[in-house]
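Novice: Got a structure here, written out as structure tokens. Questions coming.
The values are calculated or read from the model by the stated rules, or taken from the named source; none is laboratory data. Everything numeric here is computed off the predicted structure, so don't read it as measured data. As a convention, Cβ positions derive from the backbone with ideal geometry for all residues, glycine included, and neighbour counts pool all protein chains shown.
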Amino acid sequence: MVPTRNRIYCYNSGKTKMLFEDEKKANLFIKFNAEEIQSKSGHCPVCSYFCIACNGWHVTSRVQHPEYKSITERILENYSTVSRELKEFKILEEKQLDEFLNHQVKITNQISNFEKVMETCDAKKRNKLLTRIFQNLELTKSMDLKDKQIRIINQLVERLIKYLTPEETDKLLSPP
């Protein structure tokens with residue numbers, strides 16, 4: 001007579017199945033009950049497999065392929081993939097933020113130097129610094145900036161505009 005006390009609902013297969021503590025017990029069940037099961041149901045258990053959802057062993061009449069993955073295993077793999085991609089995205093976002101902050105500091109320092117040069121009326125230094133500032137501001141246009149970062153850049157531009165000629169202002173404010 002086939003034992004029935006160790007039957008549970010398996011969420012992986014969506015069926016009620018027998019659960020065994022280890023592979024040895026599952027294989028012994030097959031060995032001693034296969035003929036009786038075959039005569040009653042027409043199906044004969046041929047192998048045992050570990051079920052990750054039930055954390056135990058089941059028997060099946062289907063031959064398991066080595067590359068077969070249960071629903072639970074596929075969900076866990078997908079979860080791992082999504083988690084890894086999210087982590088990579090966060091790292092990329094942090095790198096972009098660091099790049100922006102370094103860029104912001106560089107432009108802020110250049111504008112401070114520019115303001116000091118304006119006090120000395122050194123046209124050569126003024127033009128050299130202005131060229132560098134324009135180049136750095138151009139680089140920010142190619143960055144994928146958030147609203148807050150755009151406001152910061154706009155504040156820096158406003159700080160600079162008061163020292164510029166109308167032509168320089170047009171050059172600075174022109175779209176890329």
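Novice: Please verify whether Arg62 is at pLDDT below 85, in the same structural domain as Leu19 (by TED's automatic domain parsing) and more than 24 Å from Leu145 (Cα to Cα), treating the condition exactly as stated.
Specialist: yes
Novice: I need the full set of residues from segment 14-39 which are assigned to a helix (DSSP H, G or I) and under 12 Å from Val59 (Cβ atoms), in order please. Spell out the reasoning first.
Specialist: Our first condition is that a residue be assigned to a helix (DSSP H, G or I); within segment 14-39, this holds for 23-39.
Residues satisfying the conditions are Glu23, Lys25, Ala26, Asn27, Leu28, Phe29, Ile30, Lys31, Phe32, Asn33, Ala34, Ile37.
Novice: Within segment 137-160, track down each residue that is within 21 Å of Ser112 (Cβ to Cβ) and touching a residue at least 40 places away in the same chain (Cβ under 8 Å).
Specialist: The answer is Thr140, Gln149, Ile152, Ile153, Leu156, Arg159, Leu160.
Novice: Can I ask one more? Could you tell me whether Lys69 is out of contact with any Cys (no Cβ under 8 Å at 6 or more places or on another chain), of a type outside the set (Asp, Glu) and not in a helix (DSSP H, G or I)?
Specialist: Values: out of contact with any Cys (no Cβ under 8 Å at 6 or more places or on another chain): yes; of a type outside the set (Asp, Glu): yes; not in a helix (DSSP H, G or I): yes.
It is true that Lys69 is out of contact with any Cys (no Cβ under 8 Å at 6 or more places or on another chain), of a type outside the set (Asp, Glu) and not in a helix (DSSP H, G or I).
Let's see how each residue does on (1) assigned by TED's automatic domain parsing to the domain that holds Ile150; (2) closer than 30 Å to Lys146 by Cβ; (3) loosely packed, with under 11 Cβ neighbours inside 10 Å; (4) among the polar types (S, T, N, Q):
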| position | (1), (2), (3), (4) |
| --- | --- |
| Lys17 | no, no, no, no |
| Glu36 | no, no, no, no |
| Gly42 | no, no, yes, no |
| Ala53 | no, no, no, no |
| Gly56 | no, no, no, no |
| Glu85 | no, yes, yes, no |
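Novice: Same structure, new question: Among the residues of segment 138-175, how many are of a type in the set (A, V, I, L, M), under 38 Å from the mean Cα position of the chain (by Cα) and surrounded by 15 or more Cβ atoms within 10 Å (Cβ to Cβ)?
Specialist: Residues of segment 138-175 of a type in the set (A, V, I, L, M): 139, 143, 145, 150, 152-153, 156-157, 160-161, 164, 172-173.
Keeping just the survivors that are under 38 Å from the mean Cα position of the chain (by Cα) gives 139, 143, 145, 150, 152-153, 156-157, 172-173.
Applying the additional criterion that residues be surrounded by 15 or more Cβ atoms within 10 Å (Cβ to Cβ) yields 145, 152-153, 156-157, 172.
Within segment 138-175, residues that are of a type in the set (A, V, I, L, M), under 38 Å from the mean Cα position of the chain (by Cα) and surrounded by 15 or more Cβ atoms within 10 Å (Cβ to Cβ) number 6.
Novice: Is there a residue in segment 90-101 that is more than 42 Å from the chain's Cα centre (by Cα) and loosely packed, with under 14 Cβ neighbours inside 10 Å?
Specialist: no
Novice: Related question: From the residues in segment 117-134 that are surrounded by 12 or more Cβ atoms within 10 Å (Cβ to Cβ) and either of a type in the set (D, E, K, R) or on the phi > 0 side of the Ramachandran plot (or both), which one is nearest to the chain's Cα centre (by Cα)?
Specialist: Result: Arg132.
Novice: Which ones in segment 40-52 are touching a strand residue (DSSP E or B) at 6+ places or on another chain (Cβ under 6 Å) and assigned to a loop (DSSP other than H, G, I, E, B)?
Specialist: Within segment 40-52, just Pro45 meets the criteria.
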